[in-house]
Structures are given as structure tokens and as C-alpha cells.
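Student: First, the structure itself, so that you have it in front of you.
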Amino acid sequence: MKKDARWGKRFRTNLTVRYGLDNLGESGVIQDISLFGFFVMTPQTYPNQTVVKFQILTPGKEYINLEGIVQWSVRERDDIQWLIKDQGMGIKIKRFLAGQEHYEKICQLLCQRRAMKEQNSAGAKNKTAATWKAGLLGGLFR
């Protein structure tokens, strides 16, 4: 089994991003994000270890500017994986130029949202199990 080399939890999102080597001439969508990096769905990819400039637009209309390093990229493929894996690049954050607090806030909010969802899901499962158990025991002692 292939070991996942990522650090930290990733969260699904949908953020608009502009990027490029010297200017921000390319665009894409960030589909998952973590404190250490993100995945950009885009047809324009760069080779591994390339340093790329990014400008992310937050839902609150703030801008996050940073430099990231391409860790891996996926281009068009002919095999079945193309149906599963989106075209784009995995980016490791090198340094923030502006808006680091906005980036961290997005990650924090997504983490809280996931925790609440998991808590609600666990509560519903426990309630269902308790109801089933009570019904079973109630049926035995009638």
C-alpha cells in the first residue's frame, strides 16, 4: 500500500486561484486545502519542484498571496485513473507574501465544519444503536 506523504488533514473546498511563474496569468480552482498546501484543479501544470506564485480569492473577498512548490502534477491521461483523479497540481506552501491569517482562518473553519459534521454523524449512529438496543431489550421483557 502506498504511504500518503502529506502532512495534516485536507479539507474539500472550492476557491478561485490565479497563478504563474512571473505573473498571475493562469487560473484554476483549489479543490482541497491543508495548512501546508493545496490541490489546484487546472489544465496548466508545471514540473515538480517549480516555484509558482499564487493569489487565492477567499469567500470574504480577501486575497491571499503566496509562493508554492509543485510537489506533483496530473495531466490528461488515457487510463481509468483519469476518470477518478482531476487534472492539476499538488502544491506545498513555501512562504506567504500576504494574507496568511485569511488562509489559516479558512483551514480552521473547514476543520470546525468537519468536526461538527462528524460529531452529528456519530450522534445519529449512537442514537440509532440505542433505539435498536432498547427495542430489542424491550421485546425480550414483554
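Student: Along the Cα→Cβ direction, 7 angstrom out, place labels at Q108 and T50. What is the inter-label distance in nm?
Tutor: Simple spin-label model gives 3.4 nm for this pair.
Student: Pulled fully out, how much extra length does the chain show between M116 and D86, if you take 0.36 nm times their separation in residues and subtract their Cα-Cα distance? Don't skip to the answer; put the middle values down first.
Tutor: On the way: separation 30, 0.36 × 30 = 10.80 nm, distance 2.77 nm.
Full extension from M116 to D86 adds 8.0 nm.
Student: Quick one: which of 28-39, 109-120, 48-59 comes out on top by average Cβ neighbours within 10 Å, and what's the full order, highest first?
Tutor: 28-39, 48-59, 109-120
Every number here is computed from the coordinates shown, using simple stated rules; none is lab data. Small disclaimer: the values here were computed from a predicted structure and weren't measured. Here Cβ is always computed from backbone atoms with ideal geometry, including for glycine, and neighbour counts include all displayed protein chains.
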